[in-house]
Each structure stands twice: as C-alpha cells, then as structure tokens.
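We did not get these values from a lab; they are worked out from the coordinates using the rules stated. Nothing here was measured: the structure is a model prediction, and the numbers come from that model. Neighbour counts are summed over all protein chains in view; Cβ atoms, including those assigned to glycine, are modelled from backbone coordinates with ideal geometry.
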Amino acid sequence: MNILKELAVQKLKDRGVKILDIADIVFNLQKKYIEDLTIEDCISTIDSIIAKREVTHAILTGIAIDETVEKDLFEEPINKIIKTDDSLYGIDEILPLSIVNIYGSIAFTNFGYLDKTKPGIIGKLDTLGKDGKQCHTFLDDIICAIASSAASRLAHKNRID
Ligand code: MG
C-alpha cells in the first residue's frame, strides 16, 4: 500500500475535495478530444497521478501551508498575504508546477486555463477562501495541477499512432 498516497487522498477529502470532483473537471477538459472517455477513465488516471511521490509531496505541502495560515501561525505580513490570496502573491501557482512539470506542455497550458476559468471544485475552494474563514490559497492551484496533468496523461495515452 502506498501510505503517502492514502494520506494525500484523505487530506484532500478533509479539505473538501473528492477525487470525483477532480474527475469531473478532467472529463470536461478531454471529452471533446477522446470520444469514448468515461468518468472512470478520469478517476483511474487521477489515481495514478496521485500515486507519484512528487505529487503527494506537493499536495501535502500545499495543504500544510493552508492549514498553518488558517491557524495564523506564520509571521506577519506573510500570514495575511497568503490568507487574503494577495493578487501579487504567486508562490501558490509555483508549487504545483512540480506536478505539472512531470506531464509536459498539455498539462502546462491546461493549468493556466483552469486557473483562469476555475470550474467546479476549483471555484468553490476559491470562494470559500475569499470568505476568510478557510484558506485554500494553495489547494485550488494543486487541484488545477492534478486535473491538468490528468488531462495531459489521457491525451498522450489515447494517441495510438
Ligand atoms: Mg491560489
């Protein structure tokens, strides 16, 4: 059993993100390119991505930062900068590049697209964070990275020639 992976999946769940929420986003990204794509294909692709150590490390680090900020445990001004998701703070987009970098240019372009359009759970996390009670400054970008990487992996796997 992959203990780190189980932990990452549990932490995602604790923070309000189910694998199915991510699968919905992946399905919508790739359905126009892969004719017989199913939600199960998306779930199993996400599963294989989360099984990678670089990915679990990024998930656990991002969530740890969000949770520490919620407890106001970082020094100011950085705690507030992260908590308010300051528009000029971009480290939350840089950390998930450790995931996106593994999956190449399709992952990279989709990552930017998801960050801008914020479909489904990504938008939900963004709104919850902006309400001020919770902090999802890192988690929303982590989800963008997992979904865009899954889209890329599916695109490459689907090519038969
Ligand atoms: Mg963010």
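Couple of notes before you dig in:
- For a paramagnetic label modelled on Ile94 (point 7 Å from Cα along Cα→Cβ), amide N atoms under 20 Å away belong, within the range 129-150, to 136-146.
- Virtual paramagnetic centre 7 Å along Cα→Cβ of Tyr33, amide N under 20 Å, in the range 83-111: 97-111
- When the helices of the chain are scored as -39500 (n - 2.57) per DSSP H run of n ≥ 4 and the total is divided over every residue, the value at 222 nm lands at -22500 deg cm²/dmol.
- Relative contact order of the range 3-157, pairs being alpha-carbon contacts under 8 Å that are 6 or more residues apart, as %: 33 percent
- Inter-label distance, nm, simple model (7 Å from Cα along the C-beta direction), Leu7/Asn101: 2.2 nm
- Shape box of the range 9-59 [Cα atoms, principal axes, largest first, Å]: 33, 22, 14
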